[in-house]
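Below is one structure, written out as structure tokens, with a few remarks after it.
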Amino acid sequence: MNKTTTDTNLKKLKKNAYRVSKVRGETASRVRCPGGEIDVDSLQRVVDIARKYGKGMVNITNRQGFEIPGIDLKDVEEVNKALQLIIENRNINQEEYNGGYPASGTRNVVACPGKQLCPFANYDTKKFAQEIDKAIFPNDHHVKIAFTGCSNDCAHTRLNDFGIIGMSEPQYNKDRCISCEQCVKYCKKRSVGALKVVNGKIERDVNKCVGCALCVNYCPTRAWTRSKEEYYRVVLLGRTGKKNPRMAEDFMRWADHDTVKKVICNVYAYLDEYLDREAVESKEHIGYIVDRTGFEEFLKYIMKDVTPNPKCEIQGRIYWGGKRYDQNNELRNSMWRFSEREDAVVLKQGE
Amino acid sequence: MGFVYKTEEFNKVLEVLEGNYRIFAPVLKVGEGRFRDTDVIRYDYISRIEDAELEERSDFSFKEILIPLSETMFYFTENEIKEADYDARPVIVLMRSCDIHAVKRLDQMYTGNGPNNDWFYERLRDRVKFALIGCGKACPNSFCVDMGSNKTDEYAFSIDVVDGKVYCDVKDDELFAAFEGAGGSKDNVEPRFVTEAEFKVTRPEEVPIELFKDPMWDEYTKRCVNCGRCNFVCPTCTCFTIQDVFYTDNGRVGERRRVNASCMVDGYTDVAGGLVMRKTNGERMRFKVLHKVYDFRKRFGYDMCVGCGRCDTVCPEYISFANCINKLNARVKEVTENV
Ligand code: SF4
Ligand code: SF4
Ligand code: SF4
Ligand code: SF4
Ligand code: SF4
């Protein structure tokens, strides 16, 4: 049974951060929480909206927002008014008071817990995520950005257009080092193995070191400390999807805050220029556009007016992997099909 | 004789003292803690009293001045040995009451334990004077009162900074002139001591030999990660290990170092032939705890631990040394009452 026959502009509805539901006449409100953070008053408001206008359930989204399903299309204006408190508390740029969210293309900016909570973090991921949200939102371009505190990448930045991974440069005070080798052990077991003992003191392979600062966490004497400077690894154009899912690839390492921020902000001019106007719902992963224009053109745009910090290393050319399903939908190693294994029957029986 | 100074006046005292002494004090090292944007308080040289951290207890103790974390003893070539240079200028160390009590333990181990004194320790020790930092409040996890280390009168002078004024009680005649010449007013000054600590600790009088293999230690085998932090921060831990470093492949040129060691980390009880005396962390914990609050007493008549509480604060696994003493005491009671 149709709940409503309202004449609704779905394009406008989606831009207003509502999802079109499969249930005719219903929609879902998407609540933006940059950095995956929400205050309890806003959270209470999410609950109140879900109770009053929804069906008493809330979805937690993959990108750290909330989604309130089961909202009747005729209630959208009321829900927008109710969202005002959340929009203000979360400090989201808005165009019209009581008008809800002004865009949905640029997705919620994700962040791992970062230095406010996590012992391994190298910077305040949430704060940086919120700063970036302030700088880029609202925007209709489909851009995914994630911040993670260290190379553990709990925020899965490798599946985003821009992934920002925190780094510290470990500082070594040899006079405090007692050669217990705990840094060596943990760097090897839990990171990349960039440390070794030379004449009773520690040497760091500066090229191999990923700046995770595990050595700092595990050194019992404060011989290792973090650099005062916070650095970032920037990874580019990862994505999920039907055609060519792939991991983001390294673009910069040891970049500083300003470099990162400028590079991210610059992507919008590129999208204004090159987005395929014929793209379905004007939505296209940036990676596909880069495949069309070539990486050089993309690089020209994102590096515009950027003066990278001296320590920052930048990759001049990037190749991405991932399977091209538009070219080959076979299971990758079809000669090793399970059914063709001689022992397949045995394996199935679990013997 | 006591003096009360404004901060600038007291800095003049330090300026004069610096003519003959280096001043070694707890200093807040911003951003040098384990985690991003956490700090650590450890000892370093200062020139102004504002640079010293006098409110909170230091994470690492003063002992680094007497037993450096890593120290080159001498250099050797094929047929020569050259003693490493060291800074021979006298030092005044600012420290709390419990730490002044800890000096007695260090002296005991290095100069009162067997026929030979430790020459490297003595040459540093002879150049050090101790100044007392008064305690306005008991430090977190400390149990100095139960260990009897909360008060002392063995100091060259005392410092209590209260409401922007510096209160000093000066006992050392050699330093007197520096204090008298700096302005400030004369007054009767008593350093502050705490008389009630946060945590109560009861030590067992006797520990029966059965407790050596008691299951109470198993818990620590599971919990402790043998990082050694509890030892490195402890003002009364004295263990070190010797390292010979060869600059060339033929092993004829190099240096000998000594570095702090820990009875909790791997390698401490390894002996020739590959034998490891205390394999499990529970056994190591037993050794440490009994040494600190029992075995040392059997030998020297007083306990080694001064109850500063640093080991509890630093343990990444939230293992409380203080609570372990209480558990030990309870266990001793159980075992002896059941006999
Ligand atoms: S990515 Fe690093 S900083 Fe962030 S939650 Fe994971 S371990 Fe912590
Ligand atoms: S920062 Fe990480 S990779 Fe670099 S030396 Fe330390 S533990 Fe190893
Ligand atoms: S963990 Fe610290 S003290 Fe131990 S070897 Fe490494 S730097 Fe030296
Ligand atoms: S600090 Fe804690 S975990 Fe580390 S060795 Fe001591 S008791 Fe064990
Ligand atoms: S054992 Fe712990 S409480 Fe006792 S002196 Fe050492 S650090 Fe302080």
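The values are calculated or read from the model by the stated rules, or taken from the named source; none is laboratory data. These numbers come from a predicted model, not from an experiment. Don't worry about glycine lacking a Cβ; one is built from the backbone with ideal geometry, like all the others, and counts go over all protein chains shown. The area values use the complete protein model at the heavy-atom level, side chains included, leaving out ligands, DNA and RNA. Shrake-Rupley method; radii C 1.70, N 1.55, O 1.52, S 1.80 Å.
Worth a mention:
- When the residues of region B:133-148 are filtered to those that are aliphatic (A, V, I, L, M) and outside any loop (DSSP other than H, G, I, E, B), the one that is surrounded by the most Cβ atoms within 10 Å (Cβ to Cβ) is B:133.
- Residue match in region B:111-120 (condition: open to solvent by less than 20 Å² (accessible area, probe 1.4 Å), in contact with a Ser or Thr (Cβ under 9 Å, 6 or more places away or on another chain) and more than 16 Å from ligand 3 (Cβ to nearest atom)): no
- Residues that are touching a Ser or Thr at 6+ places or on another chain (Cβ under 6 Å) and surrounded by fewer than 18 Cβ atoms within 10 Å (Cβ to Cβ) within region A:155-174 comprise just one, A:171.
- Those strands (runs of 3 or more DSSP E) lying entirely in region A:124-215 with at least 1 residues within 14 Å of ligand 2 (Cβ to nearest atom): A:162-167, A:195-198, A:201-204
- Single unsatisfied condition, residue B:209 versus (1) crowded, with 21+ Cβ neighbours inside 10 Å; (2) more than 26 Å from the chain's Cα centre (by Cα): (1)
- For region A:196-236, residues that are facing chain B (nearest Cβ under 8 Å), of a type in the set (Lys, Arg) and on the phi < 0 side of the Ramachandran plot total 2.
- Taking the listed residues A:239, A:246, the one that is touching a His at 6+ places or on another chain (Cβ under 6 Å), surrounded by fewer than 22 Cβ atoms within 10 Å (Cβ to Cβ) and more than 9 Å from chain B (Cβ to nearest Cβ) is A:239, with no other qualifying.
- Looking across region A:34-67, the residues that are part of a loop (DSSP other than H, G, I, E, B), in contact with a strand residue (DSSP E or B) (Cβ under 9 Å, 6 or more places away or on another chain) and within 23 Å of residue A:138 (Cα to Cα) come down to A:37, A:38, A:61, A:62, A:63, A:64, A:65.
- Whichever residue in region B:164-190 is closer than 9 Å to residue B:3 by Cβ and of a type in the set (Phe, Trp, Tyr) and, among such residues, is most open to solvent (accessible area, probe 1.4 Å): B:167
- Of B:45, B:75, all but one fail to be open to solvent by 60 Å² or more (accessible area, probe 1.4 Å), in contact (Cβ under 8 Å) with a residue 40 or more places away in the chain, within 14 Å of chain A (Cβ to nearest Cβ) and farther than 23 Å from residue B:142 by Cα; the exception is B:75.
Residues are listed down the side, and each one gets a yes or a no for (1) at pLDDT below 95; (2) in the same structural domain as residue A:23 (by TED's automatic domain parsing):
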position: A:54; (1), (2): no, yes
position: A:65; (1), (2): no, yes
position: A:70; (1), (2): no, yes
position: A:74; (1), (2): yes, yes
position: A:78; (1), (2): no, yes
position: A:85; (1), (2): no, yes
position: A:101; (1), (2): no, no
position: A:120; (1), (2): no, no
position: A:123; (1), (2): no, no
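- Residue match in region B:180-196 (condition: within 26 Å of residue B:136 (Cα to Cα), more than 14 Å from every other protein chain (Cβ to nearest Cβ), over 27 Å from the mean Cα position of the chain (by Cα) and in a helix (DSSP H, G or I)): yes
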